[in-house]
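The values are calculated or read from the model by the stated rules, or taken from the named source; none is laboratory data. None of these values were measured; they are calculated from a predicted model. With ideal geometry, Cβ positions are generated from the backbone for all residues, glycine too; neighbour counts draw on all protein chains shown. The area values use the complete protein model at the heavy-atom level, side chains included, leaving out ligands, DNA and RNA. Shrake-Rupley method; radii C 1.70, N 1.55, O 1.52, S 1.80 Å.
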Amino acid sequence: MMHKKIERGFVLITTLMLMGLIMAFLGVYYTTTNIEMATVRYSKNSATGFYSAEAGLNLRAENIRSVFVGYNRPEGISPDVNSPCEGTNIGSGDFACQTININQRTVKTYVEEDAGNPIVMTIPPGERYQNLHAQEYRFTARSMSVNNQGQEETDLRLRFKSRLVPLFQFAAFYNKDLEILPGPVMTLTGPVHTNGDLYLYSNSATLNIAGQVTTAGSLYRGRKNDSGCNNQAVNILDPLNFRTLVPVCPSRRLVLPPDIAPFNGMIQDNVEIVTVPSPEVFDPVPGAMYWDKADLRIVLALNSSENPVGFQVRNAADNEIAAQTTQLNACAGSLNGKAVNTLSVNPASPPVFRNWREHNKYIRMLDIDMTALLNCLHSTSWFGSGKLLSDNTEGGIVFHFTVKGPSSANAANNYAVRIRNAQRLRSTIAGAPNVIGMSIISDQAIYIQGNFNSQNKIPAAVMADTINVLSNNWNDSNSTAALSSRTATDTTINAAFLAGTDSTGGIEGAGGQGGAYNGGLENYPRLHENWSGRTLTYRGSFVSLGTPRHSTGPWPAQSYNPPNRDWNYDTSFNNASNLPPITPRFVYLRQELFVRDFERD
């Protein structure tokens, strides 16, 4: 009996010990679980705080970039580094504290500017846009995330560079698909970029590109409007020697990474799209950048019947400056060859100008004799404006010429500006100041007649809806005659070009959709004469920001024979001081350093 009681006692003690042990294990498990759950919560909260703060950094960096895109410079004062974004310590302007709510976190951000801004630098070899000159601004963005309990979780810093790259440093820059499909041998000595797809093809000779090739879309060997290709060489520097891109292509072919690899970074596809100005920046309206910054604005005003009211000098608010208009008309009338003139749209009232490509339209044209106009402006004060021909505020003088009438904003119209007698962009009057640089702007089509900037070359640009080239032999009276009567002679142009260009098939996107061919880069300037056996010499830069808004005549409707194209990039633009006034630019960011300063509960 005693033994049974002892056994029951052992069982009870053992059971109690096991229960105690189990309870201990449960306690440990509970504690461990709580720790793990707390760790998970901490990690989750920490990660959420981190990504929230990182989002804040990205937003501030993009805000800085967008300021540059708008042709402004960020301005303001950063908060003091001691307790930033607390109380009244918030800074001002583009660098001030901003508070945003992300993922149930309060994210506070601000920006600091490097004291050495800006620097003019050359983009290093091996980088995208290598060897181009850029203005570089350096900034540090700081972002702090605070949770619902008021605890600061993450403090991040991002050092980044904002680079401003002039578009006229490219042999060709398109904000759309770009097709380079020459017949004779063509060599482009300069970089090529497109924000769309790039098509490279040569009809019967060789295409050479001596510069970095970048495309935000895909790169193709062959045509866009059909599946055509051939075995004519397309050569690109690798960067020391020319190397043939896809030597054999019986039909259009997508260029793949293995095809690109041997070029050592000189070909890059699917790069980030860069933001460029829209064509609206050239509009003759208050607030449009080029209109606002122009040194002289001349408008051919038309009434509701499209008859000329007269030439007017206008201010940035688009109001006529009557005194300057009077002086312009008096000067123009007193010169040997009027500085400004108009061509009639009525074939019964000569002079007339007919454009066969623009649906055989007669063109209402503001006609500018550039030498005569510069002679009008030769004095120490343009019509009492206080300006000089040697003004260098924007790198030279900026002219905005336009026609304002009932069809100005129409998708298609018959308005244009012509520039002639511009072989020397300077006054012929003794003692007149020399022009440092010149940009000519219009929202309408521009026609360049004869040699342009061919003597005593200066930095120059022509920016318009479309750019048309007329030779030294052009005669308005022959514009209505057959092509055989419109015989060109050798002509030279030194100027950067920015204009709209047609799109193959009328659309952008993947090739092979058929439709009308746009003429390719080799038909960027619109021609109107029989150039057979004649040479058009061009040095500059081809930039296209989109399709024309007012000149809608397609390439297959042209009436011309092509010239010998002695065309190339103007290498003097490699020096930023030689760029034309208010050269348009694109902006991109480059990250330099990303730091997580600390992490708190």
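Longest exposed-loop-site-free stretch of the chain, with GluC sites (Glu not before Pro), DSSP loop and at most 14 other Cβ within 10 Å?
Values: sites that count: E75, E127, E272.
Maximal segment without exposed cleavage sites: 273-601.
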Classify the range 195-257 from the C-alpha gyration tensor, please: rounded if a/c falls under 1.5, else prolate or oblate depending on whether a/b exceeds b/c. oblate
Per the rule of 0.36 nm per residue minus the C-alpha distance, extending M121 to D292 adds in nm 58.7 nm
Only sites in a loop by DSSP and with at most 12 other Cβ atoms within 10 Å count here; which trypsin sites (Lys or Arg not before Pro) in the range 37-146 make the cut? none
If you look for lysine pairs in the chain that are eight or more places apart or on different chains, how many of them have Cα atoms under 24 Å apart? 11
Where in the range 389-463 are there trypsin sites (Lys or Arg not before Pro) that are in a DSSP coil and have at most 10 other Cβ atoms within 10 angstrom of their Cβ? none
Largest first and in whole Å, what are the equivalent-ellipsoid semi-axes of the chain based on the Cα gyration tensor, each being the root of 5 times an eigenvalue? 63, 32, 21
Can you send over the carbon and sulfur percentage of the accessible area for the range 384-516, probe radius 1.4 Å, protein chains only? 45 percent
Just for the chain, what percent of DSSP beta bridges are antiparallel, to the closest 5? 45 percent
Centroid-to-centroid separation of the range 172-244 and the range 356-423 [C-alpha atoms, Å]: 34 Å
Cysteines (scope the chain) whose Cβ has no counterpart Cys Cβ under 4.7 Å: none
Quick check: pseudo-label points 7 Å beyond the Cα along Cα→Cβ at R128 and L254, how many nm apart are they? 2.0 nm
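Enter the accessible area per residue of the range 181-304 (Å², integer; probe 1.4 Å; all protein chains in place).
Values: 4570 Å² over 124 residues.
I get 37 Å² per residue for this part.
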State the percent of C-alpha pairs, over all pairs in the range 163-218, separated by a distance greater than 12 angstrom. 64 percent
Amide proton proximity set for L188, modelled H, under 5 Å, gap of 5+: N208, I209, A210
Nearest-ten-degree value, helix 2-69 long axis tilted from longest Cα axis of the chain: 10 degrees
Mean ellipticity per residue at 222 nm, deg cm²/dmol - from DSSP H runs of n ≥ 4 across the chain, formula -39500 (n - 2.57): -5500 deg cm²/dmol
Theoretical gain in end-to-end length, R159 to N203 [0.36 nm per residue, Cα-Cα removed]: 11.0 nm
How long is the gain from E75 to A576 if the chain were fully straight, where each residue apart is worth 0.36 nm and the alpha carbon distance is subtracted? 178.0 nm
Measuring from the longest principal axis of the C-alpha atoms of the chain, the long axis of helix 322-334 (C-alpha) lies at a number of degrees, nearest 10, equal to 40 degrees
Ignoring any ligand, DNA or RNA, what whole percent of the accessible area of the range 103-213 comes from carbon and sulfur when the probe is 1.4 angstrom? 44 percent
